[in-house]
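What follows is a single structure, written as structure tokens, with notes after it.
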Amino acid sequence: MQIAIQGIPGSFHHQVALNVFGADAGILGFRIFEEVAKSVSKGEAEFGVLAIENSIAGAILPNYELIDRYNLRIKDEYYLPISHNLMALPGREINNLLEVRSHPMALLQCKKFFENHPAIQLIDDVDTASVAKRISEEKLSGIGAIASKTAAKIYDLEILAEDIQTVKNNFTRFIILQKDNVNLDFVPNKASIKVTVKNSKGILAKLLTMMSDYGLDLSKIQSIPVIEKPWEYAFFIDTQFDDYAAFQNAIQEINNNFGEVKIFGEYLNRK
Ligand SMILES: O=C(O)C(=O)C[C@]1(C(=O)O)C=C[C@@H](O)C=C1
């Protein structure tokens with residue numbers, strides 16, 4: 001079984017792939033999220049792992065668009081506690097660092113820590129672990145990485161500061177993607193959908209009220225632009241429910257009265 005991720009061993013995506021699929025799964029690592037989506041849509045990887053939102057830094061909006069554009073299905077979700085650590089070549093100190101590089105989402109989660117180190121330049125890079133690897137292989141003495149403790153261990157770096165994310169309790173929600181829908185052998189209690197509403201006054205309020213009347217609990221709503229129609233928006237909605245039939249009725253009602261609905265996946269709530 002091949003699993004597509006963004007990143008290399010020691011990255012958070014790699015950790016999720018191991019936790020979900022076990023140590024024997026084959027990992028296909030890519031530099032960017034779009035390559036992950038492509039690999040799953042081509043059938044090269046059976047599943048993909050994609051970060052979708054973080055409790056400090058918020059949604060990774062472009063990833064919503066990728067799921068939509070590549071017509072991928074959400075099979076499951078996974079919440080990983082994220083601890084970020086500042087690391088560098090052994091013997092270095094924070095004051096020696098000119099730059100700290102990491103994945104943009106990781107940098108966002110640690111912004112506050114660096115307010116006390118204004119001389120350090122923060123630079124977006126590929127994944128957290130790739131920076132650790134590069135520092136180690138190229139002996140980059142003025143550069144630090146923000147990554148996991150596992151990455152420090154794999155790439156022989158020294159941790160200069162532990163748990164540097166803005167709040168200790170930090171989670172990233174990942175989704176597990178697949179190419180096609182498969183028949184579910186369980187009754188789902190969560191779903192991710194996209195609704196493209198007709199643009200009329202109060203329609204979003206009416207949609208949300210209708211969903212609430214069916215007993216659906218909205219866990220996330222995110223608007224994304226409909227690129228063919230400037231200033232029109234579609235809504236990505238995650239919703240939880242106890243009654244699957246009520247969810248199906250609500251979907252029917254959206255189709256009948258609100259606009260177009262696309263179901264990305266029906267799965268189990270893992271929070
Ligand atoms: O760079 C990594 O290690 C990743 O797995 C990427 C990523 C992300 O995309 O949000 C994963 C979890 C953390 O939120 C920080 C970075």
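Bear in mind that the values in this text are calculations on the coordinates, not laboratory data. Just so you know, these numbers come straight off a predicted model, no measurement behind them. Don't worry about glycine lacking a Cβ; one is built from the backbone with ideal geometry, like all the others, and counts go over all protein chains shown.
Fewest to most neighbouring Cβ within 10 Å: what's the order for ARG173, ARG31, ARG101?
ARG31, ARG173, ARG101
With a ≥ b ≥ c taken as the square roots of the eigenvalues of the C-alpha gyration tensor of segment 219-259, please select rounded if a/c is under 1.5 and otherwise prolate if a/b is larger than b/c or oblate if it is not? Cα axes put segment 219-259 in the oblate bin. Under the 0.36 nm per residue contour assumption, what length would be gained going from the current alpha-carbon distance of LYS149 and LEU61 to full extension? Between LYS149 and LEU61, full extension yields an extra 29.0 nm. Residue exposure proxy: MET105, MET1, MET87, MET210, ordered by other Cβ atoms within 10 angstrom of their Cβ from fewest to most, comes out as MET1, MET210, MET105, MET87. Charge dipole (Cα centre; +1 on Lys/Arg Cβ, -1 on Asp/Glu Cβ; no other charges) of segment 190-265 amounts to roughly 280 debye. Straightening the chain between ILE263 and MET1 buys 91.8 nm, computed as 0.36 nm per residue apart minus the Cα-Cα spacing.
Given 4 °C and 1.567 mPa s, how large is the Stokes-Einstein diffusion coefficient of segment 85-161 in µm²/s, with Rh as the Kirkwood radius over Cα pairs? D, rounded to a whole number, is 110 µm²/s. Within the listed set GLN240, GLN248, GLN15, the residue fluctuating most in the Gaussian network model of the chain (springs between alpha-carbon atoms under 10 angstrom) is GLN248. Listed by chain and number, the lysines whose alpha-carbon sits under 29 Å from that of LYS38, ignoring those within fewer than 8 places in the same chain, are LYS75, LYS133, LYS179, LYS190, LYS194, LYS220, LYS229, LYS262, LYS271. Here the Kirkwood formula puts the hydrodynamic radius of the chain at 20.0 Å, using every distinct Cα pair. Helical content alone sets the calculated 222 nm signal of the chain at -8500 deg cm²/dmol, taking -39,500 (n - 2.57) per DSSP H segment of four or more residues and averaging over every residue.
Computed about its Cα centre, the charge dipole of the chain is approximately 300 debye, with only Lys, Arg, Asp and Glu carrying charge at their Cβ. Less than 5 angstrom separates the built amide H of ILE56 from those of PHE171, all sequence-distant by 5 or more or on a different chain.
Cut-off is 10 Å between beta-carbons; in what order do PHE114, PHE12 appear when sorted fewest neighbours first? Walk me through the numbers before you get to the answer.
Working: PHE114 17, PHE12 30.
Ordered by Cβ neighbours within 10 Å, fewest first: PHE114, PHE12.
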